[in-house]
Each structure stands twice: as C-alpha cells, then as structure tokens.
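Take a look at the structure below.
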Amino acid sequence: MATTLDDVELDLTKPPATAHGAVPGTRTKVEGIYYLFLLPSLILFTLAITLPAVIGIFFSFTNSIGFGDWEFVGFINYIAAFSDPAILQSYLFTFGFAAVTVLVVNAVAFLLAVGLTSRIRMKTGLRSIFVIPMVISGIVIAFVFNFLFSNSVPALGQALGIGWLSESILANPDLAWIAIVIVTAWQAIPGTLLIYIAGLLSIPGDVYEAADIDGAGKFAQLTRITLPLVAGYVVINVILGFKGFLNAYDIIVGLTAGGPGTATRSIAMTIVTGFTSGDYAYQMANATIFFLITVAIALLQLALTRGRNVL
Amino acid sequence: MSVQPALVVETIEATEVLEGRAPRPANRFRMERVNWPGTIIIALCAVTVLIPLYVTLTTAFKTQAQAADGNAFSLPAPFSVDGFVEAWNLTNFPVAFAITTLVTAATVAGTILLASMASFAIARNWERKLFRWSFYYLLMAMFIPFPVLALPQIQLTGLTGLDNPVGVTILHIMFQLSFSVLLFTAFLRSIPLELEESARIDGASTWQAFWQLIFPLLAPMSATVGIFAFLASWNDFMMPSLIISDPSQQTLPVVQSIFQTQFSNNYNVSFASYLMAMAPAIIVYLFTQRWVMEGVTQGAVKG
Amino acid sequence: MPVPHHTAVRLIAAIVALGLAGGGLAGCAAGGPEQVRFLLSKPEAIPYFRDLVDEYNSSQDEVEVVLDNASNLQAGFLRGNPPDLGLLNYNMEMARFMERGALSDLSDMPEADRILPEVQKLVDQYATYPGRTSVLPYSVMAASVIYNKEIFEQNEVEVPTTLDELVEVCQTLTDAGVTPFYATYKDPWTVAQGWFDYTVGGMVDVASFYEKMKELGTEVGPDSEVSFEKTFAEPVSLMQQLSDDCTNPDAASKGYGDGNLAFAQGEAAMYLQGPWAFGEIAKTSPDLDLGTFPLPVTDDPDDLKVRVNLDLAAWIPEASDHKEAARQFLSYLFEKDVMDEYNAAQLGYGTTTDAAPVTDPRIVGMKEYFDAAAFYQGASQQIPLTIPAANYLQGVVLGSDVESTLSTMDADWARLALRQ
C-alpha cells in the first residue's frame, strides 16, 4: 500500500485513472450523476464569466464609454494600442516586475516551507505568523509600507551611512520597483507557502528513509527528491503567481501611484483608468490583448514543464 | 471502510512532529536535533511580518492627534478607544459585518461544494472530451482580467435582480471556481481508484461513493480551498462596490473605503476599522489551520 | 449609426428595480414617506450632512432622505438605478454623464436663478448638454498659497504680488534658514493641483486654451496654434525652477499627510494647498495664524487669480424615479441659511447671489479675487484621466525634461482625439 511516486506527480495533461476501470478511448456510457456534478458549475460559470467576457471583448471594437450611445469602430482601438508608448512601457515594466517577483516569492516560500516542515522550534506558532500577510487588507499593507519606505528605511540608511538607502527609494525612478517587489512578495508568500507545505507534507517519510540508507546528504535529498516530487506544485505556483503579479494593481497604487513619473505604472493601472476616464473601449482592447498574452504565456509554461513532470 | 491500525499510528506520529513535540525514533525527517540556525532565520523573517500588524494595532488605539503625528512606531499614549467607537458608528459596523459574514460563508460553502463536485466529475471522466475540455475551459478563465468583465457583469446583475449580496456571492464563487477546481483535481489524482471500486463492490452508488468516501478524504484540500475562498471574499472591495446597488446592503470593505480617500487623515479611526475587519479573518485562519495541517498529514500518510 | 446603449436594458431593469424596490421597501414604505437616495461622498462633510439629513427627516414626513456615501456612480448609471440626488465634486468624470444626457434639467427650479453667472460658467467649461441646466453648483473651493503669518512677520516678509517679489521672498526666507514652500512630490495630485495649476493658471487663459485644444484634436503638435509644448512651456519651466530652488530637500518622499503635519509644525512658510488642508492642519496646530494669497507668476499684479473648483454641485439623474421628492430636498439644501452654514463650516465660497460673504481669516485673502471673478479652474482638471498628467508633472518636479514631457502630453492628446 506504499504510495508510489506515480500517484504524487501532477502532470495536468496526463489522464488519471479512469472510472470503472474503463480503457481510455472505449465508449462506455458516462453515468448521469457525473453530469449532475459538472453541469451546474459549468452553466453558472458560463453565465457569470464567459458571457460578460464576450460582451466586454465585443465593446473593445466600439467607442463606448461604458454607457450611453456608442458606435462600432472595428480595429482602431487595437491599432492605437500597439502604437501607444505608454502602453508598451506599462507592459515592459509589468512583465519584468512579475518575472522577478515570481522568482523571489517561490524561492523564499519554498525555503520557508522546507524550514517550517523540519525540526525547528515554535513550529505551529511560526506557521500561524506567516499567514498574517495574507490576512491583512491591501490598504493597510500599502499604507504601512509606504510609511516605512518613506521614513523608517531612509532613517536607517542615514544612520548606517548607506547612500542610496538614505532617500526614500519610492521617490527614485530606478529603484521604486524594488519596493513594489518586496511588498508584493511579502503579501504573496503566505499563499504560496501554504501550497508548498501541503506539497511537502504529501511526501511520505519512507522516501527519505530510503535515501538515508543510500547515503544521500540533505542537500542532495532536497534537490533530487523533494524538488521533483513537488514539481507539480511549483508549476501551479509559478503559473498562478506570474499571472497574479501581471495583474498587480492595489499595491502599486498604494505605494507609488504609478510613480515616480510613470516609472511603475502597471498594465492593470492603465486598464482601470479606462473605467473612470471615458476611455473604456480602448482599455478593453488593451485588456483583451493582455488576456491573450497571459494565456499564451501560461500555455508556454505548461508546455515547457510537461516533459519534466512524468517520473 | 475501516482505518487500519498502522495508519493510525503513523498519523499520531506525524501530528506530534508538527506540533513540535519530541520526535519518536521513526519520524519522517531525520534531523534529530533542533535546527537552531533555521529557527532563528525563520523567526527573523517572522518579525518582518509582525511589524505592519504592530503598527495597525498601536495606531488603532491612539487618539486622533497622536495618530496623525507621524510617528508610527510609538505606543498609544494615552490609550484610547475613540477610533473604534467612531469607526463602529461611521461604518454601521454590525450590519456591514453581518452581511460580509453571510456572503463569505456562502462563498466558502458554495465554492467547496461546486468545485469538489465538478473536479470529481472531471477527474473520473478524463477520457471524455466534455469533461476534459471543461477543465481547460475553467482554467482559461483564470486569465481573464477583471476589468474586462466588470461592466457587463454590472449590467447583467442589474438586469436579473442580482445587484445585491446574493449576486456578489455567486460571482465570488465563480471567480474562485477555476483555482479551486485546479487544486481539487490535483489532489484527487492522489486518491487511488481502488477505494471507490471497493465501495462500488459493496453496492454503493457513485453519489454515495462521493459523499461518504471521497468528500471526507478531500478534507485537507477543502480546507485549503476554503481558506483561499474566505480571504478572497472577505477582503474583496471591487466587486461589492460595483455590484451592490443599495448602500445599506454594502459589505465591510466598501463601507470602510470612506477612510481611503487621499484627503482624510483619521488614521486611528481607519486603522481601528481595518483591525475590526481583520480580526475575524485571523481568527478563522488560526482556527482552521490546525485542522488543515492534521488533515493534510492524514491524507498524505494514508498512502 | 449610434445605438442607445441600454434602452431595452433600462426598461427591463426599471421594471425589475421597481419590483424589487416595491418588495424591498414593503417594510417601511407601505404608504409611508418617499425615499430619496442622496449621494455625498466628501469625507470631511459626511458627519455634517448626516446631521443635516436627520434634521430634515424629522422636520417633515413626506420625504425620507437616505444618505449614501459609498456607491459607485458608474455602476449606478449603468444599471439604471443611480442615486436620486447627487452632491458631488464636479469634474471631467461627472461631465461625461452630463454630456450623455444622464442628468435631468433643473432650470425650472427657482434655485437655478440664484446661481452666480460666473460660477455657472465654470460648469459650462467642461461640456454642456444643450437646453438643460443639468448641474447647480453648491460650494466652490478657492485655493491658492497658504502662508504662515507668523513666519512672514518674523522674517519681515510681505505678501508678494509679482513674480519678482515672489523670488525675493523666496531668497529672503532661504537666507534666513526657513523653507519657503513645503512640497509633497510623493503624491502626484498635489503637484498637479498646486504647482502646476497655480503656475499655469496665473499665466494662461485656461478656459480658452482647452476650448482650442478640443477643436484642434488630432492636429495638436509643436506647430499647432496652441499645445502643451507651446503654451505651457513657460509656466511649467517656472514651476520646475521654483520647485528646485524654493522647497524642502526631502519633498520627493513626502506626501499630503506629511505636508500637513510639517506645515502645521511650522517647518515652512508657504504651502500650496486648498482649504481642505486647513482641517487637517488644525488637527495638529489649531491656533496657527494662517492666510492665503494667489501665487504671482507674472510682473503684473492685475494678473493675480485664484484656482477654484466646483467642490460640490447638485444634480438629479434622469433615471431617478423620485425626482419630485429629490427636488424638495434639493430646495432645502439650497436654502440660504443651510448653504451659508455649510460653506462657513467647510471653508467654501457660496455659489449664489445671496450667499453670505466669506469672513474666515484663513480664506478671506481670496475674497476680492473671487468677487471679481478673477479665477480659473485648474488646468490639470481638464486633461482626461486617460492621460496620466499628474504623474508626468511629478516627473517634471523630480527632474524630467520639461519640453519632452509636454510634447508627450501633446502626443497623448492627439492620439486620444483620434480614438474618440
């Protein structure tokens, strides 16, 4: 009854064991009950999400401001979007930021997860503490960190005599993004951490015992056993994390308002102004482009990790 | 289905390990001594987490004058609950709290039920196109940016009389669906088919097999899904502000947004308000996290 | 071919809404008073209006006013159930609703005749819906330079009325070790509202500038008759110069809250903020002796003007089902005593011909300019939000090149005109 490695891998594209021991490909009848399980979600979802999405995308081909009279204008919004330097800059910034943050978040969360599932003191207490960032509302986080970066950190920098730290990095167009990465990571790590802990705890102890017997050191165990076994969870965290950070909005608004200047203006910020500024249709085109790019990247990530998942 | 004795023993061991008690010889991680460097490093990281919480706490208990004096790290002097009183009144706290609680509770329950059912159907019928494609369909939706959906959703909910907390609940569940289905299907793949098979041999229908066998086994993932759903719903500002048309039915985050404007510096009141809103979330997590961890080990060790 | 967006939707929504409203209000509206949903979201004014609404409700029982301060306006109009009466800041966003005919005509109300014509003109500067008076201004905020009278006295400095005098004042104060202006670059809106609006407004005829810009549309560029690059080059360069020479060195990391605090603690002589800041400053130093004067940016004292904005303006949406009741409450709000009390409390200027004159020492310095209609609406307020003007300007005070920033704004303007 030992759990085999096969049961633990998380290749999303590999078909799992099928019901009734059916051979994949044969036409056994699907039990009606399964439809009952699936269809309510599917239908509600289509009505609540897909339908509005289609409508929203439709309006990207118009000049609607969200209400009132509108006209169909074809691809003008898309053409304009591609030649808009502000939009291009927001994409460059956001993608760069997301890539860095994904790395930071996953590295830290994974190491923390390893630590929090190992032999350390105050384990439960520490685990509870690390969830706090997830629970605090974004406004508070933005406010507190804004204060810290504007006042406390420069004070520290001055005391220690570090030049570039003595002024608020939020006011520095080249360094402001670092502050945003730190705060975003701070808030994102708990969620990622939870998933990694779940993943780590699903690895049975016998595997490590066997490795011990074979004489593998701790580091080797970490890289050759732990990492591959939680690979599926890594994939989930990276894909979702990247997508989440691409949508960064609350924290950026709270920390820098897109500044200094327009140095930290994210895609989501630009899109949301479309609501209030009468530029709805244009930003819907921007949002549609954004959606397509995000999906493409996610598919790319999935494809790249497909081969490595099967053990 | 009886739990075998060996499993029970292992479960107890694992739980003890998690709770930090002395390890039995056969525990899973062979670091016999306490990992002090690791403990210290992690404790330091924990401090960074506690700082904002500290600031929130102290500011909430300050008087207005002291809260605005720019010194975020000072302790309240004098200690004052003015902020709480004013926040309570300004936001009509009990009503907003009740509404938010109902919406969140319904979201959590609805998400767990719908997602687990859908995931089960998908996982067990992977070879059928409808189910496999449903999976990818639900997943793709995770990438739709919210602004694309917002305005049409406002119109549709207004049309169908769902411009109230009920509509918000439904939308919250739908937004959580993709992620929850992803988690549940991943977890379902680690539940061996033999369990269901033996249940069927004993005469159980699929319905019974799901509710009496699979669903209990999904508990750890249900808890995880539940926590994410809880937090997403409890803290959500955007959607209730757009969808709920009657201001007396608004949720807590929206009602608190009156503190958010750039012109207002009533820090003690706003932080008191945020604290009152955060407390339930923290309590819920602390309450469920023990259950989550125990459940996860049970699920993992049952192997 | 223009298609009305939501006529059918509105119809259905109205039916549904009426149905729900009927059901929902069953508890309290079985033949009871008519409910009017009153939207007011100005945070400083909420407690004041809460009391006002309570008073009104208890004084009569035909109309019950429900105070709403968090509804999303866009969503309300979209759904066809906006508030019945709105008393909000009037700006480009509100103007859009008006342009599309979403606000009902109030010209037949007697209150409309009491509005000062110059103030009504301010409303029209954004856009008009032909044949309607869609908006009745309630309170105007006049903003200029707030100065610390004590510091001025101590350094024997007089209120400047020309640019040369201003530069001198700056120099004197700096030599004496006093920060002339307290700046808060961290919050882009303070740069736009204070630094940009004051310098531009003092030199350029803002209203006619934007009129021409709208006409030019896609043709805006370095060679057009007016453009940001051409017309605003001088004021914005001055802005950059003043901000470089006359402000606190840590301005880049200070925000609105920090500014209020610092100014209240006497760390600078002057502060470019509007009357909304007085309340905040008073939290720290209620007894500070403050006054206001318009920022001089030319050599002619006759050019002095103050910046105004329609802080509160009243409107009733077409989609409202309680227009009559809303109008009743609106009349109450516009009663002379009620208006006067509000403006006195919130340091606003009255908008009616019979408004009580301003007497608060902190803002009385601007009275003569207001009475002479020597005012302008902020240049930054007439740039569509899709162009992040405030952020651009923040870049300028942090050191970006003035010319390239302004030409970027021109390019954005032209591109926007192309789309719309």
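May I ask you to verify whether A:L222 is closer than 25 Å to B:M142 by Cβ and not basic (K, R)? Judged against the criteria, A:L222 is not a match. Return the residue satisfying two criteria in turn: it lies in region A:49-71 and is outside any loop (DSSP other than H, G, I, E, B) and within 12 Å of chain C (Cβ to nearest Cβ), and of such residues it is farthest from B:A141 (Cα to Cα). Across region A:49-71, the extreme among qualifying residues is A:W70. Filtered by the rule that a residue be of a type in the set (S, T, Y) and in a strand (DSSP E or B), region C:130-169 gives C:Y138, C:S139, C:S144, C:Y147.
Residues in region C:190-246 that are of a type in the set (K, R) and in contact with a Pro (Cβ under 9 Å, 6 or more places away or on another chain): C:K230 alone. Mind listing just one residue for me: the one in region C:82-93 that is at the interface with another protein chain (Cβ under 10 Å from one of its Cβ atoms) and in contact with a Pro (Cβ under 9 Å, 6 or more places away or on another chain) and, of those, farthest from C:D321 (Cα to Cα)? Among those residues, the one meeting the criterion is C:M92. For B:S245, the conditions (1) facing another protein chain (nearest Cβ under 10 Å); (2) without any contact (Cβ under 8 Å) to a residue 12 or more places away in the chain are fulfilled apart from (2).
I'd like to verify a number: residues in region B:121-132 that are in a helix (DSSP H, G or I) and either facing another protein chain (nearest Cβ under 7 Å) or closer than 17 Å to A:P40 by Cβ (or both), how many? Residues flagged as in a helix (DSSP H, G or I) and either facing another protein chain (nearest Cβ under 7 Å) or closer than 17 Å to A:P40 by Cβ (or both) within region B:121-132 amount to 6.
Taking region C:278-290 as the range and being buried (at least 18 other Cβ atoms within 10 Å of the Cβ) and either on the phi > 0 side of the Ramachandran plot or touching a helix residue (DSSP H, G or I) at 6+ places or on another chain (Cβ under 6 Å) (or both) as the test, the residues that pass are C:E280, C:I281, C:T284. Scanning region B:142-161 for residues that are closer than 17 Å to A:A248 by Cβ and assigned to a loop (DSSP other than H, G, I, E, B) gives B:I144, B:P145. Annotation note: of A:D279, A:D250, the sole residue that is within 24 Å of A:A53 (Cα to Cα) and either surrounded by fewer than 21 Cβ atoms within 10 Å (Cβ to Cβ) or away from chain C (no Cβ under 12 Å) (or both) is A:D250.
Find the helices (runs of 4 or more DSSP H) located wholly in region C:271-375 whose residues include 1 or more that are aromatic (F, W, Y) and in contact with a Gly (Cβ under 9 Å, 6 or more places away or on another chain), and list them. Counting at least 1 such residues, we get C:336-346.
Looking at B:A87, B:A96, B:A118 in this structure, which one is small (G, A, S), part of a helix (DSSP H, G or I) and over 30 Å from C:E44 (Cβ atoms)? From the options B:A87, B:A96, B:A118, the qualifying one is B:A118. Across region B:253-280, the number of residues qualifying as modelled with pLDDT under 80 and either within 18 Å of the chain's Cα centre (by Cα) or small (G, A, S) (or both) comes to 3.
Going residue by residue through region C:216-228, is there one that turns out to be assigned to a helix (DSSP H, G or I) and in contact with a strand residue (DSSP E or B) (Cβ under 8 Å, 6 or more places away or on another chain)? No: zero hits.
In region A:187-222, of all residues being facing chain B (nearest Cβ under 9 Å) and of a type in the set (S, T, Y), the one that is nearest to B:L217 (Cα to Cα) corresponds to A:S202. Take B:L275 and decide whether it is buried (at least 20 other Cβ atoms within 10 Å of the Cβ) and part of a helix (DSSP H, G or I). In short, yes.
Region A:155-231 holds helices (runs of 4 or more DSSP H) entirely within its bounds, and those carrying 1 or more residues that are of a type in the set (S, T, N, Q) map to A:176-201, A:218-221. Of the residues making up region C:235-249, those that are part of a helix (DSSP H, G or I) and either free of Cβ contacts under 8 Å to residues at least 24 places away in the same chain or within 14 Å of C:L393 (Cα to Cα) (or both) are C:P235, C:V236, C:S237, C:L238, C:M239, C:Q240, C:Q241, C:L242, C:S243, C:D244. Within the option set C:Y126, C:Y138, being away from chain B (no Cβ under 14 Å), buried (at least 24 other Cβ atoms within 10 Å of the Cβ) and either touching a strand residue (DSSP E or B) at 6+ places or on another chain (Cβ under 8 Å) or of a type outside the set (K, R) (or both) holds for one residue only, C:Y138. Looking at this structure, is A:L38 at the interface with another protein chain (Cβ under 7 Å from one of its Cβ atoms) and either in a loop (DSSP other than H, G, I, E, B) or modelled with pLDDT of 70 or more (or both)? For A:L38, the condition - at the interface with another protein chain (Cβ under 7 Å from one of its Cβ atoms) and either in a loop (DSSP other than H, G, I, E, B) or modelled with pLDDT of 70 or more (or both) - is met. When C:F49 is tested against (1) modelled with pLDDT of 90 or more; (2) within 17 Å of the chain's Cα centre (by Cα), exactly one condition is not met: (2). Within 14 Å of chain C (Cβ to nearest Cβ), surrounded by fewer than 22 Cβ atoms within 10 Å (Cβ to Cβ) and under 24 Å from B:F143 (Cα atoms): is that true of A:I79 in this structure? Against the criterion (within 14 Å of chain C (Cβ to nearest Cβ), surrounded by fewer than 22 Cβ atoms within 10 Å (Cβ to Cβ) and under 24 Å from B:F143 (Cα atoms)), A:I79 qualifies. Within region C:244-264, work out how many residues are touching a helix residue (DSSP H, G or I) at 6+ places or on another chain (Cβ under 8 Å) and closer than 24 Å to C:Q346 by Cβ. Of the residues in that region, 9 qualify. Residues of region B:153-164 that are in contact (Cβ under 8 Å) with a residue 12 or more places away in the chain and surrounded by fewer than 22 Cβ atoms within 10 Å (Cβ to Cβ): B:L162, B:N164.
Number of residues in region C:73-84 that are in contact with a Ser or Thr (Cβ under 8 Å, 6 or more places away or on another chain) and either assigned to a helix (DSSP H, G or I) or within 18 Å of C:A313 (Cα to Cα) (or both): the value is 7. Scan region B:37-51 for residues that are over 13 Å from A:F130 (Cβ atoms) and facing chain A (nearest Cβ under 7 Å) and jot them down. Within region B:37-51, B:G38, B:T39 meet the criteria.
The values are calculated or read from the model by the stated rules, or taken from the named source; none is laboratory data. Everything quoted here is computed from the prediction, not taken from an experiment. Glycine gets a Cβ as well: all are built from the backbone with ideal geometry, and neighbour counts include every protein chain shown.
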